[in-house]
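Computed from the coordinates by the stated procedures, all read-outs in this text should not be read as laboratory data. Computed from a predicted structure; not experimentally measured. Note: ideal-geometry Cβ built from the backbone for every residue, glycine included; neighbour counts use all protein chains shown.
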Amino acid sequence: MRRNAVLAASLLAHAKCAAFDRMDELRVMQDNDHGTFKDLSDDKEVLEVTTKTQRCILHFYHQDFRRCQIMDKHLQKLAKKYFKTRFARMDVEKAPFLVERMKIQMLPCVVLFKDGIAVDRVVGFEELGNTDNFTLRTLERRLAREGRQW
């Protein structure tokens, strides 16, 4: 009986340590703007965010494009749902070098980065049913294509 009590106490202590470690990890993520959909200011900040974050979804947008505003609305919701992934957006007018380097020619353009490498992109609404009324679930499924977990 005493052995079971010692084992239970050991398991409880281990679980508490794991919980505190997880809380620390979440605090660091929150301090790094996880759970938000933040505007980035320039090329340098884009490179910093995408290279220092394990998973990042970056929306290249133009403030006057209606479809970019629709995409923003959905990405804001996803940012709160997928806390481990960093969500951000960059105004193409403020990042001409990066836009040219990444060959972004059509908006909206959502680029998925993993460990600093662009691994996928969603361009326009064609893959989302080619309608302004696509659902959040449609975008989620597209972003999760090929089994990626964001």
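Qualifying trypsin sites (Lys or Arg not before Pro) in the range 49-148, where qualification requires a DSSP coil assignment and no more than 14 other C-beta atoms within 10 Å, comprise LYS84, LYS103, ARG148. The separation of the range 93-150 from the range 42-66, counted between C-alpha centres, amounts to 11 Å. The C-alpha radius of gyration of the range 36-147, expressed as a fraction of 2.2 N^0.38 Å, stands at 0.97.
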